[in-house]
Amino acid sequence: MRKIYAVPLGLLGAGAATFGYASVIERNWFRLRRVDVPVLPPGRPSVKILHISDAHLTPGRTRLIHWVRSLDALEPDLVVNTGDTLSHRDAIGPFLEALGPLLDRPGVFVYGSNDLYSPVLKNPLRYVWRTSKSDYERHRREPDLPYRELGSSLQAAGWLDLNNRIGRLKVGELDVEFGGIDDSHIDRARYDKIAGPVDPQADVHLGVMHSPEPRNLDRFAADGYDLLLAGHTHGGQVCVPFYGALATNCGIDRPRVKGLHKHQGSWLHVSAGLGTSPKAPIRFCCPPEATLLTLVPR
């Protein structure tokens, strides 16, 4: 009789231990990724970009808040937030607290779907065979998170709102041109509003979006953007050793679910993100992260 119960109890114990690790340890095991990107004209000074994404913040995530605040010690020249910042109506104050002195630095942002819509419980296995885009198409509702207040707070600090907009900033000694779009995952991207060749007078051109959909990446690359920045994928969130992500939740291919890659003539960086939906609070073989990208001459 003991042998009959030994195997299922062992599997149950292993599953509980794995879930505990994924939800308590790895979900709070924040990493900093460092990457050099050769996009600057010869002779131009390097600049440091801090790329953050997918905080999915709730007021109780104190470790995440303190870790993000500590990133100011890196002295980035620019901060780029690629969306899905909120997961709670009262998260704007905690997010501004997390940014802290980073708000005094040049910054830009776009929204993700979860800045507008609060998380709902769903079967996470569905991401293996389809994206969550259809959830919004079938159950469209009015936004219930204060995304406009989030944007106003960031703009009050001097950050640029790049949702379907062109922008320009002095970053270090560089003249940087930006093009950004709202989240294509909920059909708010309007690339036609920013379409057209980049200004050759700028030193470097950055394309900013939440979801790295190939159709938008193609248009950014065709217009001459040097570096494209996105989030949304969570790096797969749950990965299998020696295989990688099970899903990307968008049109990007699995090998480019996170990290720095090429897309046509542009560089593409996809952040694995800082958080998770509070309805699926686990990460496995995919720690939460921010990235310090150093732009250097080609």
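The values are calculated or read from the model by the stated rules, or taken from the named source; none is laboratory data. Note that the coordinates shown come from a computational prediction; the quantities given were computed from them, not determined experimentally. So basically every Cβ, Gly included, is an ideal-geometry build from the backbone, and we count neighbours across all protein chains shown. Keep in mind that these areas ignore ligands, DNA and RNA; they rest on the heavy atoms of the full protein, side chains included. Shrake-Rupley method; radii C 1.70, N 1.55, O 1.52, S 1.80 Å.
Key figures
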read-out	value
In the stretch 162-214, the residues that are of a type in the set (G, A, S), part of a strand (DSSP E or B) and either closer than 13 Å to G224 by Cα or at pLDDT below 95 (or both)	G179, G207
Residue ID - surrounded by the most Cβ atoms within 10 Å (Cβ to Cβ), chosen from residues in the stretch 118-161 that are in a helix (DSSP H, G or I), modelled with pLDDT of 75 or more and among the hydrophobic types (A, V, I, L, M, F, W, C)	L154
Residue identified as in contact (Cβ under 8 Å) with a residue 12 or more places away in the chain and within 14 Å of the chain's Cα centre (by Cα) among L268, L217, L246	L268
Count - residues of the stretch 220-243 that are polar (S, T, N, Q) and more than 18 Å from the chain's Cα centre (by Cα)	0
Filter pass, P59 being open to solvent by 50 Å² or more (accessible area, probe 1.4 Å), modelled with pLDDT under 95 and not hydroxyl-bearing (S, T, Y)	yes
Test: residue in the stretch 91-107 that is in a loop (DSSP other than H, G, I, E, B), open to solvent by less than 10 Å² (accessible area, probe 1.4 Å), modelled with pLDDT of 95 or more and on the phi > 0 side of the Ramachandran plot	no
Yes/no for R190 being touching a Gly at 6+ places or on another chain (Cβ under 7 Å) and surrounded by fewer than 19 Cβ atoms within 10 Å (Cβ to Cβ)	no
Qualifying residue in the stretch 249-257 (condition: under 30 Å from L40 (Cα atoms), of a type in the set (D, E, K, R) and open to solvent by less than 50 Å² (accessible area, probe 1.4 Å))	yes
